Structures are given as C-alpha cells and as structure tokens.
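Every number here is computed from the coordinates shown, using simple stated rules; none is lab data. Note that the structure is a prediction, hence the values are computed from the model and not measured. All Cβ positions, glycine included, derive from the backbone under ideal geometry; neighbour counts span all protein chains shown.
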C-alpha cells in the first residue's frame, strides 16, 4: 500500500533518506526542496515499506488506505506533483554529504539567541562538531518559539518536531539559559566577549499594520496576539478578546488567518483535548462568535493559505465553510481550486458555526469608538488587474458595504523588530547578512535573516547555510581568525546566574515540562501550560541545578522505580 504526505513538510528530509526506492520528492539538491509546501510520495514507485512514516518527525506520512474521507484529496495532490515533475530518471538521490570537519582543533563556544526552531536547528548543526559547544538563550522560561506559542493547538502533529528538539537538548555540549533577555540581562558586547560566535535566531515578533482608520480600537487585534493568547504565551494572557458578537472578521487569508478562524469556531470540548491555554479555553466556552469572515484582497488563485491547510479546513465535521469568490473564477486545474469549488457547492449547514472565505475584498475602515470598541468594518470590493510583470493587483471599486462585527483580526504578516547592536533593514524587518553572516563572529538564522517566510522545517536549511558561514570563520587563522573569548563555560554560567538568578537551565525546563504534563494527565489533556512567569520560575527553581545534591524530578522518579519492593 502506498503512503501519502498529508501536511506541510518540516523539510527535515529524514523520510527522503529513509526511502529505499527514492520515491519522495523534491529531494535535497532538487529545485523546490525546502521551499515547496510539502513533499510528495510517488504512488507508482512506493513499495509500502513504511520507512518514510517511521522516519518522519512530524507524523505527516500515512498509508493511503487509512486516510479519512476529509483527507482523500491528499492522494490526488501527491499524484499531481508527479504528473508535472515525473522524476523518471530518479536522480539525484538524497545523497548524504560527508560530514564537514573543522581544520582547527578548538574548543569553540557559540551562543544562540532564541530557542525556537531556527535556534534549535542551528544548535543541532553546530553540535555535529565535537569541538563546538552551544549555549541557547531565550527570554522566556520555556523553549520552542512558534512551535509552542504559534502552532494551532488543534494541529498536534505539527508540534511533534518538539521530540527532535528534546533530543537536541540532550546532545553533548548543549546548555540552556532560558528566562534571560539579551539586551536587558546581558548585552551583545558581553556575549561576544565570552563566545567565539553569537547567532541571533529571534524571529519576527511584530505584526504588519493595516494602515486604516480605526484599526487600533478596542477589539481590533493582531492575529499574532490572538495566537499567543490561546497558545499560552505569558505576555498575552491579559489580552482583552471581545467574543460577545456573533461575527468576527479576519483580514488576510494565509495559514494564520485560517488557524484563528478555525479556533474561534471550534467546539470547546474538542479544544479541551489539546494543549490550548486554560483561560482562553474558558473564554471560548462563553463565546458568542458563530461566524468568522476571512478576507482576501485578491482572488482565490492568489490566496496565501497552503493547500494542506485548505484541505484540513474542508474536512472538519460540524463546520459550515462558505466560499465567496468575489466574481473570480475558481481554477479546476488546481487542487485548491477544486477544493474551493466543492466547498462552494456544498449544501448550507445552518446549525453549524460558519467560516466565510471571501475574496477580492479589502477593509477600508474599522468602525466603533473607544467606549464601544469595534462595531463593524467598512469593506470595498476589488477588481483584479494583471500588471505587465504578471503580478495580479487589486483595484478598489465604488462598491462599498458595512459588515457588523465585534472583533477584527489583522493577519497580513509578521515583521521583525530591530536587534540591539545589529544593523536593521526597516523595510524587510530583517538583519542584513551575507548568507547569515552579519560580520565575522555575528550571525543570523530564521526569520530575522530571511523575513517571515517558509515553514518550520525551512529553518533547517536556513540554519545549515548560516552554520557553514560560521564554520568558515572558525577555520580562519592568523589575522583573520576570530578573537579568542574570555572566561570559561563555568564562568559564563556564573555571570548569567549572577545577572539573572531566575535563569532556567535544562533541569528547570524539564521540571516545567513534567509539571505541565502531570497537570494535563489529570485532566485527560496532553499538557496544561503554565502561563504565569512567577509560577514557572518557582517550578524551575525546585529542580536541582547541576552539582546540587537534591535529585531532579526525573532522577527521583527513576529512584522510586528502582527501589526494591517490600
């Protein structure tokens, strides 16, 4: 039985390497790898051995015969790729290049700022070299970045990449200094003096504004903030989210827009089986939202959401998905066009919550007052024009309407903020670099390097490119050699804990993770996230620091298991 890829790829390429018949593409070295929405299995060549499913860190590959009805479009999606790109010669294979080795003996110390996917992939690449040790810093007491605080709670398979990160944490030479903010607790110059290299992987934390009147009224929020709210980000738990009105409007139609629309219309009993934060779950139980309108300023063919996310939305039972093309044609030659057409032809489900995918429409003003909050949004219908360069641009018409709502969410993209002591490209929201090298000894990876694009796994190839530049610099000798840092690993730890006594190391993160899972198990949930910083610090402080006599929670459990029975 052939296997099928069913979601956006993590770009780890483990499945490609594991496949004995080279039937998964695009492979490393082929056009599109690490940029494609997903990888694809060739059903005509697949021998059904399951090696790819075993290797996939995200649980995204399953037997075609086990797909539920809502995921059947993935069979056609995988097949269509090979109609366009047949790969008849089956080359190149996913060749595993010989591991690069440093010419200089080391040891070398590297600081990675940011414990999200880009930071963890960077640490993993560096730790392939026994001469290198890595300290990962993050301002929050918990690692994971957008995997923890950005992936929708009803997408648990996407979060399985956390298993890989947990393995990286156990690699030789790895340390955490969490709950430490670079720029507040330690300056860049202080870090640079103690490490051969500093790599910033801090992401893009700001959202793009709409630039329209009323967008800062109460009830007009960024989708970024809402995602952080329901995912338990400590900075977002006090976010005022008005859910009294039966309608919410999301501006933008990328994957984040679909995520927030889906969460706002989900059955709270279903969400309770996820790791959604407790307070937002309580608020959603009381929510009056029954319809979410998702606005795209261009047509269905230019929609920013990925096909896997659209297929997943269409498969949800108990949800009425309505398509309003805005006068645009749906393209039957594409999977997205066919899924949208099928949704358009579905019988209405009046008793179900509704998501409206509305195209060729832009907001021009958010209505309401400071006292009332958002009461509606003024919309304009667009016509689409194709420019000489082939770009499709929306042009406002005279057709204007008002849509009543109590919540407006802008989901039109992220934007990076300046990093202290580093150059900044305000237009792109990035730190300018040469393939990740800002200057010898200072590097970037992830969104701070390339902008808010790609998937979780895109950070792997991005990190590899940056680490190659860093290794080149570590190999330099003579006048071009990177300066030798001051201090020792032990003195670095003493400095960090002296500046930030509440810093969380690996044992502390293990304790937080164990406590969240313990609370989750008591409620039949995967975890109940700790969202209060003080509570996280208390839980972490109860874990022994290396060298202390008090056993860690894990050690205590093992001791109990090994204790002779009476």
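Computed values, structure above
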quantity	calculated
DSSP-defined antiparallel bridges as percent of all bridges, the chain, nearest 5	40
Rg in Å to one decimal, and Dmax rounded to a whole Å, for segment 209-413 via C-alpha atoms	16.7, 51
Cα→Cβ-extended label distance, 7 Å offset, between residue 400 and residue 172, nm	6.9
Rg/Rh for segment 348-476, where both radii come from Cα atoms and Rh is the Kirkwood radius	1.15
Inter-label distance, nm, simple model (7 Å from Cα along the C-beta direction), residue 189/residue 349	6.0
Angle in degrees between helix 255-265 and the longest Cα principal axis of the chain, rounded to the nearest 10	70
Along principal axes, Cα extents of segment 257-340, largest first, whole Å	42, 20, 20
Evaluated at q = 0.13, 0.16, 0.21 Å⁻¹: base-10 log I(q)/I(0), Debye formula over Cα of segment 112-198	-0.43, -0.64, -1.01
Helix axis angle, 489-499 relative to the chain longest principal axis, alpha carbon, degrees	60
Fraction in percent of alpha-carbon pairs per bin - 20 Å, the chain	19, 52, 27, 2, 0
Cα→Cβ-extended label distance, 7 Å offset, between residue 157 and residue 521, nm	2.6
Distance histogram in 5 Å bins (all Cα pairs of segment 437-511, percent per bin)	3, 12, 15, 12, 15, 22, 16, 4, 0, 0
Radius of gyration and Dmax over the Cα atoms of segment 166-220, both given in Å	18.4, 54
Euclidean distance between Cα centres, segment 184-254 to segment 274-352, Å	24
Computed lengthening from residue 83 to residue 464, 0.36 nm per intervening residue step minus Cα-Cα distance	134.0 nm
Calculated SAXS-style log₁₀ I(q)/I(0) at q = 0.10, 0.13 Å⁻¹ - segment 138-293, Debye, Cα scatterers	-0.46, -0.73
Kirkwood Rh and Cα Rg combined as Rg over Rh, evaluated for segment 3-84	0.91
Tilt relative to the chain, helix 553-562 - C-alpha long axis, 0 to 90 degrees, to 10	70
Gyration tensor over alpha-carbon atoms, segment 292-430, equivalent ellipsoid semi-axes in Å	27, 22, 18
Quarter of the Cα convex hull surface for segment 366-438, i.e. its orientation-mean projected area (nm²)	8.9
